[in-house]
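Peer 1: I am attaching a structure below and will ask some questions about it afterwards.
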């Protein structure tokens with residue numbers, strides 16, 4: 001017999017149930033969740049999932065794009081200086097098309113990468129792992145604004161987060177803060193130490209940019225009310241000067257440390273001192289920040305708020321913080337503390353699904369492999385376009401944010417639309433997804449619906465499917 | 001009611017099919033046959049035929065349906081043989097008078113249970129057992145050598161088959177209709193939180209719509225108009241499928257059907273207008289998955305039944321007649337003592353249209369509808 005715990009595991013900590021998942025979650029749902037964080041398991045999962053779009057390719061394409069664009073301009077100018085040449089406008093068009101087509105190609109590849117991840121999440125046998133990837137991807141939110149960020153944004157998740165779920169938080173933190181997407185998004189690649197070689201030469205024309213340093217403290221680690229002050233922000237900003245991106249298509253095309261940009265000297269951040277040095281100075285600070293109890297509290301509370309309840313039970317958070325301290329922020333152990341806590345398994349689902357969870361769980365429940373409009377456009381309509389939170393704080397994680405009147409009507413309309421893609425019988429979909437959690441009233445309304453599509457819509461909009 | 005392949009051939013119907021209309025001529029000009037369009041409108045939710053084509057001549061009718069008929073009694077639109085059309089069918093009645101509309105009473109598919117989904121699937125499949133990858137319209141247009149068009153996001157069962165069908169739908173979603181919102185209200189009846197979410201969503205939408213005057217909704221009229229235009233644009237699309245939901249009138253039937261019939265009637269008028277010249281070569285079939293109970297239920301509505309009506313209309317139709325055999329409404333004449341008894345199969349009428357309009361041969365009709373034979377009536381002029 002399938003326990004309701006298996007369904008809770010599948011829905012609250014995954015994207016919903018299916019036959020294989022229920023068989024695996026079966027009698028030991030907690031063990032099933034935790035084994036997904038096993039290093040070897042994640043390696044296998046990532047190997048099975050071929051996402052070719054990388055930050056390296058993005059940066060290289062971007063370099064060629066810029067070069068082409070420059071060339072296009074020169075050609076256009078030449079053409080305009082020779083008005084007698086009849087063919088000029090066409091040439092110009094063609095040249096423009098070339099840089100344009102590179103741009104299109106980049107955007108297409110980035111979108112494909114996002115769609116690929118979502119398609120994989122619908123069918124994965126490691127849904128909890130992917131929910132954690134989604135969580136940290138939003139925790140370290142980058143937005144795809146501007147051409148370079150459109151190309152780079154999805155690569156942060158693939159390269160900085162997905163491979164680092166099964167490790168220390170400090171490892172993920174360093175990987176993310178040194179990733180080209182984050183460095184460019186929060187302008188650190190332009191940040192120059194005033195006393196660095198380059199800074200002195202620039203005579204005040206180049207200087208410090210605190211953007212990334214501030215968000216590291218406020219959003220990524222300690223949290224806004226942790227007690228740090230402006231001097232901590234400035235000191236951290238100085239420490240990570242020189243963390244930049246090599247744009248050269250022929251060379252590394254990725255993270256680079258520019259010693260010439262780096263502010264020399266000792267640093268003092270959040271009560272701790274750091275000796276002078278190069279890239280290792282910033283890394284040392286990030287490591288301490290990652291292990292700080294304030295960070296443990298901040299990230300643990302966000303995790304519990306995300307998975308369990310908008311009102312995160314303090315008992316679970318405390319348990320995680322204590323494990324964070326004893327393991328130096330080893331994520332599988334911290335997450336285990338949440339999973340093993342009885343309060344994480346309340347029979348009443350308390351979390352209102354985010355649009356992304358709603359869309360993916362809908363596709364999973366209805367066995368939809370392809371949507372039209374596609375996943376990205378559907379999420380855009382539902383209000384959670386990937387990599388478009390528009391703020392480094394990412395998308396909000398509570399019900400009042402997602403269940404507003406407009407959003408609710410949008411959800412109804414989208415559900416009505418998506419249900420057209422469902423081929424299975426409505427009751428089969430409903431019982432398969434929710435098992436014992438399916439409400440009698442919902443069953444009744446499904447059976448009374450006037451069409452299959454309407455029945456599926458009603459199921460998708462039922463409170464027990466909207467919440468997890 | 002279903003007649004096997006062998007009976008069909010033995011029964012000499014094939015002979016009738018081949019002699020009634022000289023098809024050789026049409027086959028010589030295959031392209032001209034392809035320009036003859038068929039539009040199928042599927043009414044999802046089970047339309048009550050006793051309220052659309054009112055059998056006023058039946059001695060039992062008024063006694064059973066008095067409460068439903070009285071509010072519209074003075075405005076009924078008269079048809080032959082003592083039938084009348086519901087007053088909302090203004091355009092259909094005009095076409096009836098000009099010989100372009102005919103209702104068929106007491107029809108049903110081969111399905112005799114009362115589940116909407118199964119009945120709709122089976123009607124789309126057109127077989128005695130549903131084949132989800134094999135639709136009747138796809139088989140028919142395949143015989144013709146043309147292709148079909150669905151005004152839908154995805155290919156409906158009716159147009160699934162060997163050949164690809166096209167689909168078209170506006171990119172923005174259809175605004176949810178009141179029927180679905182009403183059902184969500186019921187679904188949330190015991191859940192205060194979701195009830196409140198829904199009510200504020202509806203209020204906000206209504207306010208928005210008032211402000212924007214007319215938010216462009218891809219409603220049935222709009223979809224029907226687009227359907228006509230697409231058929232005109234695409235020479236090789238010989239048929240199209242449109243759908244209209246909202247027929248499951250378990251309560252307050254009088255008011256709901258006033259509106260529903262109007263939506264249908266006006267949509268059909270839009271289709272005619274956008275088809276323009278092509279209307280004269282078009283046959284529109286309007287069918288529903290099953291009928292509704294003869295008796296009125298406790299909530300001023302009707303429940304799932306069996307026999308219903310279908311409409312055949314268009315410039316190519318021999319209208320101004322009411323077809324189908326009336327079974328009567330006395331208790332002993334009803335199906336399972338509650339529903340209108342179906343006397344002919346919807347598929348038989350469709351088969352007649354396929355033969356008379358597209359010139360499909362007896363052999364071809366057997367491939368489209370292996371379980372029925374065509375009706376021996378002239379439906380296409």
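Peer 1: Rounded, prolate or oblate: pick one for the stretch A:213-264, where a ≥ b ≥ c are the square roots of the eigenvalues of its C-alpha gyration tensor, a/c under 1.5 means rounded, and failing that, prolate if a/b is larger than b/c, else oblate.
Peer 2: Note, shape of the stretch A:213-264 comes out oblate.
Peer 1: With the Cα gyration tensor of chain A giving a ≥ b ≥ c as the square roots of its eigenvalues, does the rule (a/c under 1.5 for rounded; else a/b larger than b/c for prolate; else oblate) give rounded, prolate or oblate?
Peer 2: oblate
Peer 1: Ok, one more. Ranked highest first by the average count of other Cβ atoms within 10 Å around their residues, in what order do A:404-412, A:122-130 fall?
Peer 2: A:122-130, A:404-412
Peer 1: Then there is this: How high is the FRET efficiency between residue A:19 and residue A:347 when r is their beta carbon distance and R₀ equals 30 Å, given to the nearest 0.05?
Peer 2: 0.85
Peer 1: Now for a different question. Determine the shielding of peptide A:441-453 by partner chains: average, over its residues, the number of Cβ atoms on other chains within 10 angstrom of each Cβ.
Peer 2: 6
Peer 1: Extending each Cα 7 Å along its Cβ direction at residue A:70 and residue A:187, get the distance between those two points in nm, one decimal.
Peer 2: Distance between label points: 2.4 nm.
Peer 1: Additional query: Hey, with R₀ at 30 Å, roughly what FRET efficiency would residue A:406 and residue B:192 work out to, going by the Cβ-Cβ distance, to 0.05?
Peer 2: Taking R0 as 30 Å, the efficiency between residue A:406 and residue B:192 is 0.90.
Peer 1: If you average the sequence gap of Cα pairs under 8 Å that are 6 or more apart and divide by the length of chain A, what percent do you get for the contact order?
Peer 2: Here the relative contact order equals 18 percent.
Peer 1: When the gyration tensor of the protein assembly as shown is built from Cα positions, what are the square roots of 5 times its three eigenvalues, in whole Å, from largest to smallest?
Peer 2: 62, 33, 22
Peer 1: Between helix B:346-358 and chain B, what is the angle of the helix's C-alpha long axis to the longest principal axis, kept within 0 to 90° and rounded to the nearest 10?
Peer 2: Approximately 50 degrees, to the nearest ten.
Peer 1: Rounded to the nearest 500 deg cm²/dmol, what is the calculated helix-only ellipticity per residue at 222 nm for chain A, with -39500 (n - 2.57) per DSSP H run of length n ≥ 4?
Peer 2: Dividing the helical sum by the residues of chain A leaves -18000 deg cm²/dmol.
Peer 1: Per-residue mean of other chain beta-carbon atoms within 10 angstrom of the beta-carbon, peptide B:189-195?
Peer 2: Average neighbour count from other chains, rounded to a whole number: 4.
Peer 1: Using packing as a proxy for protection, rank A:321-332, B:85-96 so that the peptide with the highest average count of other Cβ atoms within 10 Å comes first.
Peer 2: By packing density, highest mean first, the sequence is B:85-96, A:321-332.
Peer 1: If each of residue A:225 and residue A:48 carries a label point 7 Å out from its Cα toward its Cβ, how far apart are those two points in nm?
Peer 2: Computed distance between label sites residue A:225 and residue A:48 equals 4.3 nm.
Peer 1: Note down the nm distance, to one decimal, between modelled labels 7 Å out along Cα→Cβ at residue A:145 and at residue B:273.
Peer 2: In this crude spin-label approximation the distance works out to 4.5 nm.
Peer 1: Restricting to DSSP H runs of at least four residues, report the calculated mean residue ellipticity at 222 nm for chain B, -39500 (n - 2.57) per run over all residues, nearest 500 deg cm²/dmol.
Peer 2: So the calculated ellipticity at 222 nm is -12000 deg cm²/dmol.
Peer 1: Which angle from 0 to 90°, rounded to the nearest 10, does the C-alpha axis of helix A:405-418 make with the longest principal axis of chain A?
Peer 2: Value to nearest ten degrees: 70.
Peer 1: Mind pulling the angle between the C-alpha long axis of helix B:178-187 and the longest principal axis of chain B? Nearest 10 degrees, somewhere in 0 to 90.
Peer 2: 60
Peer 1: Can you give me the relative contact order of chain B as a percent, contacts being Cα pairs under 8 Å and 6 or more apart?
Peer 2: With pairs under 8 Å counted, the relative contact order is 30 percent.
Peer 1: Distance between Cα centroids, the stretch B:343-359 to the stretch A:291-323: provide it in whole Å.
Peer 2: 68
Peer 1: Using the per-residue mean of other Cβ atoms lying within 10 Å as a proxy for protection, in what order, highest first, do the peptides B:118-124, A:191-197, A:45-51 fall?
Peer 2: Descending packing order for the listed peptides: B:118-124, A:191-197, A:45-51.
Peer 1: For peptide A:408-418, what's the mean number of Cβ atoms from other chains within 10 Å of each residue's Cβ?
Peer 2: Per residue, the number of nearby Cβ atoms from other chains is 6 on average.
Peer 1: To the nearest 0.05, what FRET efficiency results for residue A:266 and residue A:38 with a Förster distance of 41 Å applied to their C-beta separation?
Peer 2: 0.50
Any read-out appearing in this document is the output of simple, stated calculations on the displayed coordinates, not a laboratory observation. Just so you know, these numbers come straight off a predicted model, no measurement behind them. Here the Cβ is made from the backbone with ideal geometry for all residues, glycine too, and neighbour counts use every protein chain on show.
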